[in-house]
1. If I model a spin label at residue 84 and residue 8 as a point 7 Å from the Cα along the Cα→Cβ vector, what separation in nanometres do I get?
2. Restricting to Cα pairs below 8 Å that are 6+ residues apart, what does the relative contact order work out to for the stretch 8-125? Please round to a whole percent.
3. Go ahead and estimate [θ] at 222 nm for the chain from helices alone: -39,500 (n - 2.57) per DSSP H run with n ≥ 4, summed, over the residue count, rounded to 500.
4. Sort 53, 59 so that the residue with the fewest other Cβ atoms within 10 Å of its own Cβ comes first and the one with the most comes last.
C-alpha cells in the first residue's frame, strides 16, 4: 500500500498526518500561518487540507487495486471561523469502489467545533508510465 508523503503545499501549510488508511485519514494543521487578511483561518486553506486528506485516502485505496486516484470533484461548506490553535481534518470513506471513491471530510477546531464539511470524489484509473 502506498505511503503518504507530504507535498510542497502541505509542508508550507504545516500539515501533519496523524492516521492513515483507505477508509480514514486524519491530519492536523495550524491556524497560524494559514489566516486570511481578517485574521481568520483561510477558507481556501481548509479546502486544500480537505482535498489533501480525501485524496490521500483515495490513493491508499487505489493502490490496493493497482490504480491511482485523480480528483474529479470537491465541495465545501464553511460553518465557522478558526482563529487560533490547531485544526483537525478527518476524511471518512463514503464509498470505496473500483472506479470512484467518495470521502466526507470534517475539519474541527481543538474544542471539537465543526468549522468545515467537505465531500471529495476521486476517479481510480490505471497508472501512466
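No lab work stands behind these numbers, since they all come straight from the coordinates. Source: prediction; values computed, not measured. Neighbour counts run over all protein chains shown; Cβ positions are idealised from the backbone, glycine included.
1. Modelled inter-label distance: 3.4 nm.
2. 28 percent
3. After summing the helix terms and dividing by the residues of the chain, the value is -7000 deg cm²/dmol.
4. Numbers: 53 32, 59 23.
With the sparsest Cβ surroundings first, the list reads 59, 53.
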